[in-house]
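See below for the structure under consideration.
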Amino acid sequence: MTQRVELATVMDRLAIEELITDYAVSVDDGDWTAYRGLFSPDGRADYRRAGGIEGSAAEITEWLTRTMELFPMRQHLIVNRRLRFGRLDNDTGDTAEVQADYINPMRFTGDGAGTAADAASNAPSGTPSGAPDFVCGGRYAFALVRTRSGWRLRGVTVHEKWRRTEGAAATTTR
């Protein structure tokens, strides 16, 4: 490999790392415009193995907008990222896959009436009594494609492995 190719590879890795981080931050912050902008025009996501839906990025954005109202405080931690270039069908050198583990603690309002600002104003003591924490963990499979606007998500698949609510034992969902 030449130094130029090695530098390009490092730059691609950094851009993809930033995209995955932007994914987590946009969901945690409820920035659904930013979330939608992370996807390629043909982008899709599959949350069925985590109790959700599968669909286009626009459909998923709409679903997440409603669903995340139940969880005004959330914080994705995405770790153990394994990046592989050129793994998608008909690759022209501009595709990649990332497999990454996640843990996702969230504060559940129970009625969806809370907002992220409401939850933050109660920090660190939490929400009113009876509102349990919800924590889940699993693995993401991200399919990425380089576009004129940079790297974008072509697909996101969530493989939830476990979940628990406060006071309950972890439930394996594999």
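Values in this text are rule-based calculations from the coordinates and carry no lab data. Quick caveat, the model's predicted, so the values are computed rather than measured. Because the Cβ atoms are built from the backbone with ideal geometry, glycine has one as well, and the counts that use them run over all protein chains shown.
Per q in 0.17, 0.25, 0.26 Å⁻¹, report the Debye log10 I(q)/I(0) for segment 1-93, using one uniform scatterer on each alpha carbon and no solvent.
-0.88, -1.44, -1.48
Read phi for every residue in segment 65-74 and hand back ³J(HN,Hα) as whole Hz from Karplus 6.51 cos²θ - 1.76 cosθ + 1.60, θ = phi - 60°, with x for Gly and Pro.
4, 6, 5, 6, 4, 6, 10, x, 10, 8
Work out the length of the dipole vector of segment 1-89 about its Cα centre, built from +1 on the beta-carbon of each Lys and Arg and -1 on the beta-carbon of each Asp and Glu, and round it to the nearest 20 debye.
Using only the charged Cβ atoms, the result is roughly 380 debye.
Quick one: net charge around Arg44, please, counting Lys, Arg +1 and Asp, Glu -1 for every other residue with C-beta under 10 Å from its C-beta.
My count for the surroundings of Arg44 gives -3.
Kindly write out, for segment 17-25 in residue order, the coupling ³J(HN,Hα) from the Karplus curve 6.51 cos²θ - 1.76 cosθ + 1.60 (θ = phi - 60°), rounded to whole Hz, with x marking Gly and Pro.
4, 5, 4, 5, 5, 4, 4, 4, 5
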